[in-house]
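Coordinate-derived values only; no laboratory data. All values derive from a computational prediction rather than experimental measurement. All Cβ positions, glycine included, derive from the backbone under ideal geometry; neighbour counts span all protein chains shown.
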Amino acid sequence: MLRPMPTVGGLIYHTFPMTTVSTKERLDYFRSVVDDVFSPMQIIPDRQRGSSFEAELEVTALGRLRLARVATSPLSVKRREAEVARLTDTPYLVKFQLSGESLWRQRGQEVHLQPGDFVIASLAEPYELVLPGEYQMPVLAIDPITMRSLTPDPNRFLGLKMSGEDADCGLLSSFVGQVAHRMARLREPMISRVEANILDLLGGVLAARTGTGALNSEQQRTRIRTYIEHHLHDRELNPSKIAHVFTMSTRSLHALFEDQPASVGRYIKACRLEAARKALIDPARRAGRSLTDIALDVGFYDLSHMTRSFREHFGTSPRDYLASATQ
């Protein structure tokens with residue numbers, strides 16, 4: 001379970017003022033921040049360098065994901081059995097080597113990461129990370145449910161190097177690095193689009209390396225529902241497009257959902273309506289945005305389209321729903 005983040009100026013983003021903390025207290029402050037943002041772990045600076053500890057850390061929420069950019073003096077990080085036992089429902093971390101290099105160890109595997117490479121780690125198991133020099137490392141935290149929607153068995157990738165020399169891995173690493181440098185300036189609705197693109201790219205990387213044969217029907221439905229939820233902004237999202245994305249016929253797609261409570265088309269509409277309802281009652285998401293903005297962000301063609309659908313589903317108009325929710 002990802003921990004809640006503070007909202008700053010309507011944006012779920014936070015930067016930690018390491019330079020304002022005294023040199024003597026900076027390492028302890030950094031450790032406490034890491035505990036709060038990620039999870040408890042052992043952080044050991046390289047004292048042989050003989051210089052004071054330096055660090056940068058900023059973090060933002062991207063929908064259900066969390067992205068941090070970390071840069072510090074040389075150090076090592078260990079997540080031991082004692083720290084593992086302190087958390088439940090732990091997220092996966094995808095660690096991208098943006099600059100510098102590192103040694104990563106988990107499940108008896110050791111990999112050497114260079115710029116463009118990344119690894120997938122589980123906070124549910126011990127690991128060790130050695131950073132021998134200055135570096136920058138974007139870290140993506142993904143909850144287990146979302147991770148399993150991308151690949152049935154995420155743990156098979158633990159301790160494996162995803163090389164930036166591979167076209168798909170390099171593309172994902174480059175995109176995440178660009179997002180990390182701009183996280184302080186991201187605004188709605190761009191955040192939902194960034195989240196969708198990261199998950200699409202990561203899902204493609206993992207699918208290309210799975211090689212376990214066809215998914216069962218429930219796994220296919222989970223992937224399709226996740227795709228829908230991450231692409232509501234696309235007004236052209238429909239069964240035909242989804243079938244094309246998942247390389248199946250439209251008839252096969254409908255057959256996959258024929259015994260489900262809702263067809264694909266109805267599921268898309270229900271997700272858009274629920275996304276609109278949540279946006280109306282969330283002050284952070286509603287700040288500075290009109291009803292038309294919200295309608296377009298969740299994939300309706302215009303405000304009247306959303307109003308008709310909203311009234312049919314909830315029995316009231318979006319405007320009246322907003323008024324009653326803010327009384």
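Any chance you could run the full-extension gain for R105 through R80? It's 0.36 nm times the residue separation minus the Cα-Cα distance, nm to one decimal.
Values: separation 25, 0.36 × 25 = 9.00 nm, distance 1.20 nm.
Result: 7.8 nm gained on full extension.
Can you give the relative contact order of the chain as a percent, counting alpha carbon pairs under 8 Å and 6+ residues apart? Intermediate results must be reported in sequence, preceding the final value.
Details: 526 pairs, mean separation 43.7, N = 327.
This gives 13 percent for the chain.
Taking R0 as 25 Å, what FRET efficiency do you get between F246 and E274 from their Cβ-Cβ distance, rounded to the nearest 0.05? Spell out each step's value before the answer.
Working: r = 22 Å, r/R0 = 0.90.
So, using R0 = 25 Å, E works out to roughly 0.65.
In 10 Å bins starting at 0, how do the alpha-carbon pair distances of region 161-308 split up by percent?
Cα pair-distance distribution for region 161-308, in percent: 10, 33, 33, 20, 3, 0.
Could you pull the Cα extents of region 201-251 along its three principal axes, largest to smallest, in whole Å?
Result, largest extent first: 33, 25, 17 Å.
Just to check I understand the Karplus step: with θ = phi - 60° and J = 6.51 cos²θ - 1.76 cosθ + 1.60, what whole-Hz values come out for region 313-320, glycine and proline as x?
8, 9, x, 8, 7, x, 5, 5
Could you give the semi-axes, largest first, of the ellipsoid that matches region 53-155, computed as the square roots of 5 times the alpha carbon gyration tensor eigenvalues and rounded to whole Å? Don't skip to the end; give the middle numbers.
Numbers: eigenvalues 92, 53, 38 Å².
Listed largest to smallest, the semi-axes of region 53-155 are 21, 16, 14 Å.
Say each of F175 and E258 gets a label point 7 Å from the Cα, pointing the same way as Cα to Cβ; how far apart are those two points in nm?
3.4
Quickly work out the R235-to-Q42 label distance, labels modelled 7 Å from Cα along the C-beta direction, and quote it in nm with one decimal.
Computed distance between label sites Q42 and R235 equals 5.7 nm.
Please tell me the relative contact order of region 13-187 in percent, rounded to the nearest whole number, where contacts are Cα pairs under 8 Å and at least six residues apart.
Numbers: 360 pairs, mean separation 39.6, N = 175.
Averaging sequence separation for qualifying contacts and normalising by length gives 23 percent for region 13-187.
As a test of the formula, what do you get for the chain when each DSSP H run with n ≥ 4 contributes -39,500 (n - 2.57) and the sum is divided by the residue count, at 222 nm and rounded to the nearest 500 deg cm²/dmol?
Values: 13 runs with 138 residues, N = 327.
Using -39500 (n - 2.57) per qualifying helix, the result is -12500 deg cm²/dmol.
Could you give the spread of the C-alpha atoms of region 13-187 along their three principal axes, from largest to smallest, in whole angstroms?
46, 38, 31
If the only charges are +1 at each Lys and Arg Cβ and -1 at each Asp and Glu Cβ, what is the size of the charge dipole of region 13-187 around the Cα centre, to the nearest 20 debye? Could you put the intermediate results ahead of the total?
Values: 21 positive and 22 negative charges, 57 e Å.
Value, rounded to 20: 280 debye.
Starting from one equal scatterer on each C-alpha and no solvent at all, send me the Debye-based log10 I(q)/I(0) for the chain at q = 0.09, 0.12 Å⁻¹, two decimals.
Scattering profile of the chain, log10 relative to I(0): -0.54, -0.91.
Can you pull the one-decimal nm distance between simple spin-label points at R289 and S304, each 7 Å off the Cα toward Cβ?
Simple spin-label model gives 2.3 nm for this pair.
Can you tally the net charge around A323? Count Lys and Arg as +1, Asp and Glu as -1, for every other residue whose Cβ sits under 15 Å from the Cβ of A323. Display every interim value, and only then the final one.
Working: positive: R277, R286, R311, R319; negative: D320.
Summing Lys and Arg as +1 and Asp and Glu as -1 gives +3.
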